[in-house]
Each structure stands twice: as C-alpha cells, then as structure tokens.
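A.B. asks: Following this message is one structure expressed as structure tokens.
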Amino acid sequence: MRVFNFSAGPAVLPEEVLRQAASEMLEYGNSGMSVMEMSHRSKDFENILFTAEQDLRDLMNIPDNYKVLFLQGGGWTQFAMIPLNLMRNKVADYIITGQWSKKAAGEAAKYGVVNEVASSADKNFSYIPDLSNLNITPDADYVYICQNNTIYGTTIKNLPNTKGKLLVSDISSMFLSQPIDVNKYGIVYGGVQKNVGPAGVAIVIIREDLIRDDVLPFTPTMLKYKTHADHKSLFNTPPCYGIYICGLVFKWLKKLGGVEAIYKINTEKANILYDYLDNSKLFKGTVEKKDRSLMNVPFITGNKDIDAKFVAEADKAGFKNIKGHRSVGGMRASLYNAMPIEGVKKLVEFMKNFERNNLN
Ligand SMILES: *Cc1c(COP(=O)(O)O)cnc(C)c1O
C-alpha cells in the first residue's frame with residue numbers, strides 16, 4: 001500500500017511515473033534491455049537525455065543562451081563548483097537564509113572571501129530579510145541565494161537587488177513548482193531529489209558566457225562546467241537511470257499543463273494547510289506569513305511531548321516522514337509537486353481530529 005509521504009527529500013514521485021518505469025524496467029522500448037543496462041553512448045540513451053533536456057527547456061522557458069547540465073554530486077558539489085568556476089576576483093556575496101546557504105557559503109570560503117550581506121540567523125531563519133538595498137561588494141563575482149529554504153519553510157519571493165551582479169540560486173526544493181524567469185539568474189541549480197526525480201542527479205542551468213576555461217587553476221576536470229557543457233552532459237558516464245526518471249517526470253508535468261498548472265495546484269495545497277494552521281488552537285506555523293514556502297511547511301504545537309505524540313500517531317495513520325528537522329523541531333510537511341491534494345486534505349482532517357482529542 002502506498003502512503004502519503006511528506007518527506008523533505010528524497011521525496012514522493014508521481015505514481016504514474018513509477019508505474020511507467022516499472023513497465024519499462026525489463027525492456028525499454030525495443031532495446032531488449034533496461035535503461036540501467038544501456039551504454040550512455042547508445043542512440044536510445046542519447047534520445048532519453050536530449051528529450052529530457054528539451055522538455056525541461058519547454059517547461060521552464062529556458063532561453064537559448066543558457067545551457068542545461070545533468071550532473072552528479074547533488075547540491076553539495078554545486079556549493080564548490082560555483083566558486084571554483086565563478087570566483088575570478090575571489091569575492092562573493094552570500095545571503096544567509098538557512099542551513100543550505102550557510103553551508104554553501106562555508107564551501108565558497110575555501111576559495112575566496114565570502115561576505116554575508118544579509119542573514120536571518122537572528123530569528124532562527126524564520127523570515128526572509130529585506131533584500132532590496134544590500135551592501136553589495138563592488139568586486140563581488142556573484143550574489144548567492146538559496147531561494148526555498150527546505151528546512152525552515154521560507155521562500156525568497158522578491159529576488160535581491162544585486163546591483164548588476166550575477167545572481168546564483170539554489171532552487172533544489174522548489175524546482176518546477178512555480179514559474180521562474182531564468183533570465184534573472186546567472187546560474188539556477190538544484191539536486192533533483194526534492195521535486196524532480198531520484199537522488200543522484202543535479203541540474204544546472206547556466207548562462208553560456210559563464211562557461212569558461214579560466215576557472216580557479218586547481219579545479220578538477222569534473223568540477224568545471226565547461227567539461228560538461230562541451231560534451232552535452234556526456235563527458236563521462238552520467239547518472240543515466242536518474243536522468244531517465246527525471247525525463248518521465250517532465251513528461252508527466254507537461255501533460256498536467258506545465259509549471260503554471262502545477263503552481264496553481266501547489267498554491268491550493270499549501271493554502272489548505274496554512275489556513276488550518278492559522279485557525280488551529282493547537283498547531284501553528286513557525287515562519288512569517290509573508291515568507292511562507294509553498295513546498296515545505298514546518299509547524300509546532302509548542303509542546304515537545306504533544307509534537308512527538310502527533311508524529312507517532314500520524315505515522316501509524318499513514319502520514320509518513322512528518323517529523324520536523326532537528327533545528328526547528330515539531331513537524332514539517334513537504335508538499336512537493338507529486339503530493340496529491342487528497343494527501344493534504346486528509347492530513348488536515350487528521351490534524352483536526354488530533355486537535356479535538358488533545359486540546360484541554
Ligand atoms: C537538500 C538540499 C541541498 C543538499 O542537497 P544534496 O543533494 O544532499 O547535496 C541543498 N540545497 C537545498 C535547498 C536542499 O534542499
């Protein structure tokens with residue numbers, strides 16, 4: 001029996017996609033073999049890769065002067081690749097809105113000077129600071145953000161005024177959840193295991209002029225964007241099966257009406273939960289309303305024992321992985337694209353019942 005999986009990542013995938021993958025497990029098309037067994041140089045796999053890229057381009061309206069790279073190493077490898085490839089002046093500005101931007105900044109600090117130009121650490125990252133007039137460093141190579149904070153449940157809704165500097169954004173936990181204008185970024189990237197596919201693939205969308213040979217001199221071959229761009233993500237063996245599943249998810253999303261359509265559904269899903277949280281006498285959200293994420297919804301009761309009881313009872317009732325991250329506590333429901341609206345409705349029903357039984 002399938003459960004409602006509210007995991008923050010790896011996370012729920014569309015059932016339709018899993019069924020199709022299952023039906024193609026032993027034989028993909030007329031190839032006589034599984035995608036896992038194919039040469040990455042075969043026509044069949046090239047077709048899977050290039051179709052996935054085109055579908056992603058269609059879904060996100062990616063302009064022609066941007067390359068799409070399918071890489072390995074998850075989000076963390078990008079924390080290093082970004083400074084290695086972009087730090088010509090060896091200075092970058094980081095906006096710290098949670099653990100992931102903090103970790104990215106820590107990695108960049110190995111290669112150059114990192115300036116924290118804004119931070120919401122003072123209130124445990126429960127809000128997004130004003131980013132409209134930052135003290136941008138004159139010779140900064142780029143400005144870095146984590147656009148959706150998976151752990152804290154906030155989203156940067158107004159992009160920072162970078163004062164002409166390149167913007168780099170980690171969109172791991174909001175990939176394809178709502179429309180974004182790729183033109184506003186130098187690089188947008190994410191690990192796919194939150195909202196797009198299985199762990200093992202990271203997608204990097206990078207403006208062509210940023211793909212250069214003059215990276216930091218000690219940069220490993222595998223960590224140069226140019227290596228992968230020159231070979232259309234086929235420099236070495238890519239994460240073939242993961243890319244294939246991403247491709248199926250792209251098709252699923254296109255059939256559903258694309259990013260605009262899923263954005264509507266995601267908004268509806270998030271509103272169901274937030275509306276309840278705002279009216280509940282037991283549960284409450286942990287972040288400022290204006291900065292709330294559509295994807296990750298942390299909430300607490302204010303009592304650790306009741307939180308633990310809720311998590312245990314929810315788990316028994318088939319609402320899985322709803323325990324919050326240790327740095328926030330309480331609960332977190334991740335409402336990624338593949339979470340059906342019934343999942344959210346049933347969760348809220350369950351919460352209402354729990355509230356009735358546990359409020360004295
Ligand atoms: C999960 C996550 C990461 C880390 O990804 P890995 O693939 O585990 O390295 C980075 N950024 C964000 C926003 C995430 O949610």
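Just so you know, all these numbers are worked out from the coordinates, no wet-lab data involved. Values in this document were obtained by computation on a predicted structure and should not be read as measured data. Ideal geometry is used to build each Cβ from the backbone, glycine not excepted, and the neighbour counts take in all protein chains shown.
A.B. asks: Over region 1-157, with a single point scatterer placed on each C-alpha, what log10 of the ratio I(q)/I(0) does the Debye formula yield at q = 0.14, 0.15, 0.19 1/Å?
C.D. replies: -0.95, -1.02, -1.24
A.B. asks: Among S42, S126, S233, what is the fewest-to-most ranking by other Cβ atoms within 10 Å?
C.D. replies: Placing the least packed residue first, the sequence is S42, S126, S233.
A.B. asks: When the scattering of region 110-204 is computed by the Debye formula from its Cα atoms alone, each counted once and equally, what is log10 I(q)/I(0) at q = 0.11, 0.13, 0.16, 0.17 Å⁻¹?
C.D. replies: So the normalised log intensities are -0.34, -0.48, -0.73, -0.82.
A.B. asks: Find how many whole Å separate the alpha carbon centroid of region 268-305 from the alpha carbon centroid of region 100-131.
C.D. replies: 24 Å
A.B. asks: Compute the relative contact order of the chain as a whole-number percentage, counting only Cα pairs closer than 8 Å that sit 6 or more residues apart in sequence.
C.D. replies: Averaging sequence separation for qualifying contacts and normalising by length gives 23 percent for the chain.
A.B. asks: For the chain, take the alpha-carbon Rg, divide it by the Kirkwood Rh, and send me Rg/Rh.
C.D. replies: My calculation puts Rg/Rh at 0.98.
A.B. asks: Given P198, I322, G98, which one lies farthest toward the positive end of the charge dipole of the chain, if we put +1 on the Cβ of every Lys and Arg and -1 on the Cβ of every Asp and Glu?
C.D. replies: Checked the options; the winner is I322.
A.B. asks: Same structure, new question: Rounded to whole Hz and in sequence order, give me ³J(HN,Hα) for region 45-53 from the Karplus expression 6.51 cos²θ - 1.76 cosθ + 1.60, θ = phi - 60°, writing x for Gly and Pro.
C.D. replies: Working through the residues one at a time gives 6, 4, 5, 4, 5, 6, 5, 4, 4 Hz.
A.B. asks: Rounded to whole Å and sorted largest first, list the principal axis extents of the Cα atoms in region 153-194.
C.D. replies: 32, 19, 15
A.B. asks: While we're here: Using a 10 angstrom Cβ neighbour count of at most 10 plus a DSSP loop assignment to flag exposed trypsin sites (Lys or Arg not before Pro), which longest range of the chain is free of such sites?
C.D. replies: Of all site-free stretches, the longest is 42-280.
A.B. asks: Could you tell me the relative contact order of region 125-271? Use alpha-carbon pairs under 8 Å, at least six residues apart, and round to a whole percent.
C.D. replies: That works out to 17 percent.
A.B. asks: Just tell me which aspartates and glutamates come within less than 14 Å, Cα to Cα, of K102; anything on the same chain fewer than 8 places away is out.
C.D. replies: Excluding near neighbours in sequence, the set is D93, E116, D122, D170.
A.B. asks: A further question follows. With no solvent and one point per C-alpha, what does the Debye sum give as log10 I(q)/I(0) for region 215-360 at q = 0.15 Å⁻¹?
C.D. replies: -0.84
A.B. asks: Excluding residues on the same chain fewer than 8 positions from K226, give the lysines whose Cα lies under 16 Å from its Cα.
C.D. replies: The reachable lysines, counting only those whose Cα sits under 16 Å from K226, are K67.
A.B. asks: Lysines within cross-link reach of K320: Cα-Cα under 18 Å, excluding same-chain residues under 8 positions apart?
C.D. replies: Within the straight-line limit of under 18 Å, K320 reaches these lysines: K194, K269, K309, K345, K346, K352.
A.B. asks: For H228, H40, what's the fewest-to-most ordering of other Cβ within 10 Å of each Cβ?
C.D. replies: Listed from fewest to most nearby Cβ atoms, that is H40, H228.
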